[in-house]
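Chemist: Handing you a structure now.
The values are calculated or read from the model by the stated rules, or taken from the named source; none is laboratory data. This structure is a prediction, so every number in the text was calculated from the model and none was measured. Cβ sites come from the backbone with ideal geometry, for glycine too, and all protein chains shown count toward neighbours. Ligands, DNA and RNA are stripped out before the accessible areas are found, and what is left, the full protein with its side chains, is counted by its heavy atoms. Shrake-Rupley method; radii C 1.70, N 1.55, O 1.52, S 1.80 Å.
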Amino acid sequence: MTLSPPPVATAPARHGIDVGRLSRLITRERAAYAAERPRSAALAEEARAHWHDGVPLHWMTDWGLPFPLFVAEAHGSTLIDVDGHTHVDFCLGDTGSMFGHAPAPVVAAIEAQAKRGMTAMMPSALVPEVGRLLAARFGLPFWQITMTASDANRSVIRWARAATGRPNILIFDGAYHGAVDDTHVRLKDGAPILRPGLMGQVWDLREHTRVVPFNDLAAVEAALADGTVALVLTEPVMTNIGMVQPAPGFLEGLRRLTRAAGTLLAHDETHTISSGPGGYTRLHGLEPDFFVLGKPIAGGLPAAVWGFTEAVAKAMTAAREATPGYSGMGTTLTANALAIAAMRANLTEVMTDAAYAHMIALADRLAAALEAVVARRRLPWVVTSVGARVEFMLSPTRPANGGEAALIGDAEIEGALRLALIRRGVVITPFHNMMLIAPTTTRADVDRLVDAVDAILGEVVA
Ligand SMILES: Cc1ncc(COP(=O)(O)O)c(C=O)c1O
């Protein structure tokens, strides 16, 4: 497979982009961004006094903007900044708001529940119904809740170890499953390494985490062979290192190999829920032991769910009975009444079949239109998608695994596009050019994005 070469700072063109024109565009757009946003600039300055890096979460500086865009309000696919600029939002909180900002049924449910109590560390009356909804939609009989997808994955890893009595897990190179220490292992030249950049990490995570390339069943088989692997944790489509699609038969082979090895299999569908109402798993009739879904499950309110089979439930119960005392899992605010109410509204009124039909049709339109722009501009780029989630990659070929995907990308070009798009009233995600279609996205929104991309590229193509 041929991959695009890594960026070379002095080359006149990279990935089909003229470096000189790009640099002029960046200078102009940064100045204009700053001039047009005096209120955001002032808030950024003020916030520096008491927030480390000037923001309450350091990721908020990852947009590569001169200073953060402070949000006044967001509804549906519209995001309005504190300076009054209106944007069409295709980032949607990097999936947390993928069903649109502040969906009315969720807002109403939160409002009604808030007046009746928010958190009691006791189940609310809606709990049985939400359990039924999750089981019916995702096809697994038993469920638990956490606050975030990271928490859900941590729980799945711990419970899988407890249920199987095995110490190790297996992940795929380039995977991201949240702020979960066990998963921060990568491959370099075929050998496991700690993910570069980890801070404050003192354990050798490689001791209990194995890592192999995605789409490599022989490597999976070898890694499971000694019978010490409790769990394989994977996204059905890798979405966190650009997008890596499963090769035909890979996920089925993974299921076969994990079953043969007595290893549990978890599908983390936090991003691939873009595939359809039951995620990629249901769409393709797959049968994992665990199913994880965070981010959008409660319509934007922090909550995540993880489901599991009856056999896993039995093994969990046996492990619990054999190990009385503090489990080391769970957090106080988890499964609070507000999250349960929001989840019920989201599952019944927002995350509907009709919503998905709209989202996926528009995403297909967006992908086709972007492909046409890339072809017309003769750019060596590809467009990839999984349901309502669309990305473009600065590579002429699609990667087969995380190692290949990691070689793709160009922070300067991608950052410049993002900035120039924001100035044209369109927001895309600061990670690997990701665009989500919400039930509230319109054809006009998609056309506006495509036209803006085309216009910006028109200025900088080599
Ligand atoms: C597949 C996957 N799992 C888990 C997470 C973690 O989600 P959170 O940051 O909400 O805990 C992410 C975040 O991007 C993700 O992409």
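Chemist: Calculate, in nm to one decimal, what residue 454 and residue 72 gain on full extension: separation in residues at 0.36 nm each, minus their alpha carbon distance.
Modeler: 134.7 nm
Chemist: Additional query: What is the percent carbon and sulfur in the accessible area of the chain, measuring with a 1.4 Å probe over the protein chains and ignoring ligands?
Modeler: 58 percent
Chemist: Now a separate question. With angles folded into 0 to 90 degrees, how steeply does helix 38-47 sit against the dominant principal axis of the chain? Use alpha carbons for both and round to 10.
Modeler: 40 degrees
Chemist: Just to confirm a number: summing +1 for Lys and Arg and -1 for Asp and Glu over residues other than residue 178 whose beta-carbon lies under 9 angstrom from that of residue 178, what do you get?
Modeler: -1
Chemist: For labels at residue 322 and residue 13 in the simple 7 Å Cα→Cβ model, what's the distance in nm?
Modeler: About 6.3 nm separates the two model spin labels.
Chemist: Going by alpha carbons, how many degrees (0 to 90, nearest 10) lie between the helix axis of 250-261 and the longest principal axis of the chain?
Modeler: Taking the Cα atoms of the chain, the angle to 250-261 is about 30 degrees.
Chemist: Name the residues whose placed amide hydrogens come within less than 5 Å of the amide hydrogen of residue 13, ignoring near sequence neighbours (fewer than 5 apart) on the same chain.
Modeler: Counting only residues 5 or more places away or on other chains, the set is 19.
Chemist: What is the distance in Å between the Cα centroid of the stretch 179-252 and that of the stretch 302-348?
Modeler: What the calculation gives is 25 Å, centre to centre.
Chemist: At 0.36 nm per residue, minus the direct Cα-Cα distance, what do residue 252 and residue 411 gain on full extension? Give it in nm, one decimal, please.
Modeler: 53.7 nm
Chemist: Another one. Per residue, how much accessible area does the stretch 104-350 have with a 1.4 Å probe, in Å²?
Modeler: 43 Å²
Chemist: What is the extension gain from residue 198 to residue 142, computed as 0.36 nm multiplied by their sequence separation minus the C-alpha to C-alpha distance, in nm to one decimal?
Modeler: Taking residue 198 through residue 142 to full extension adds about 16.7 nm, to one decimal.
Chemist: While we're on this one: Starting from the Cα of residue 188, draw a straight line to each of the aspartates and glutamates and keep only those under 17 Å, dropping any in the same chain fewer than 8 residues away.
Modeler: Qualifying aspartates and glutamates at Cα under 17 Å: 173, 204, 207, 216, 404.
Chemist: Here is a further query. Which net charge results when you count Lys and Arg as +1 and Asp and Glu as -1 among the other residues whose beta-carbon is under 10 Å from that of residue 109?
Modeler: -1
Chemist: So which chymotrypsin sites (Phe, Trp or Tyr not before Pro) in the stretch 324-400 pass both tests, a DSSP loop state and at most 10 other Cβ atoms within 10 Å of the Cβ?
Modeler: Sites meeting the loop and neighbour criteria: 326.
Chemist: Right, another one. Using Cα atoms only, what is the angle between the long axis of helix 443-460 and the major principal axis of the chain, expressed in degrees (0 to 90) to the nearest 10?
Modeler: It is inclined by approximately 60 degrees.
Chemist: Helix-only mean residue ellipticity at 222 nm, the chain, DSSP H runs n ≥ 4 weighted -39,500 (n - 2.57), per residue, nearest 500. What is it?
Modeler: -12000 deg cm²/dmol
Chemist: Say a site is exposed when it is one of the trypsin sites (Lys or Arg not before Pro), sits in a DSSP loop, and has at most 13 other Cβ atoms within 10 Å; what is then the longest site-free stretch of the chain?
Modeler: 117-377
Chemist: Another question, if that's okay. Ordered by residue, what ³J(HN,Hα) values in Hz, to whole numbers, does the stretch 147-161 give under the Karplus form 6.51 cos²θ - 1.76 cosθ + 1.60, where θ = phi - 60° and Gly and Pro are x?
Modeler: Computed from phi, the couplings for the stretch 147-161 are 7, 9, 5, 4, 4, 5, 5, 4, 5, 4, 4, 5, 5, 5, 5 Hz.
Chemist: Next question, about the same structure. Work through the residues other than residue 401 whose Cβ is under 9 Å from its Cβ and net out their charges, Lys, Arg +1 and Asp, Glu -1.
Modeler: Summing Lys and Arg as +1 and Asp and Glu as -1 gives -3.
Chemist: Which shape class applies to the stretch 278-327: rounded if a/c is under 1.5, otherwise prolate when a/b exceeds b/c and oblate if not, where a ≥ b ≥ c are the square roots of the Cα gyration tensor eigenvalues?
Modeler: oblate
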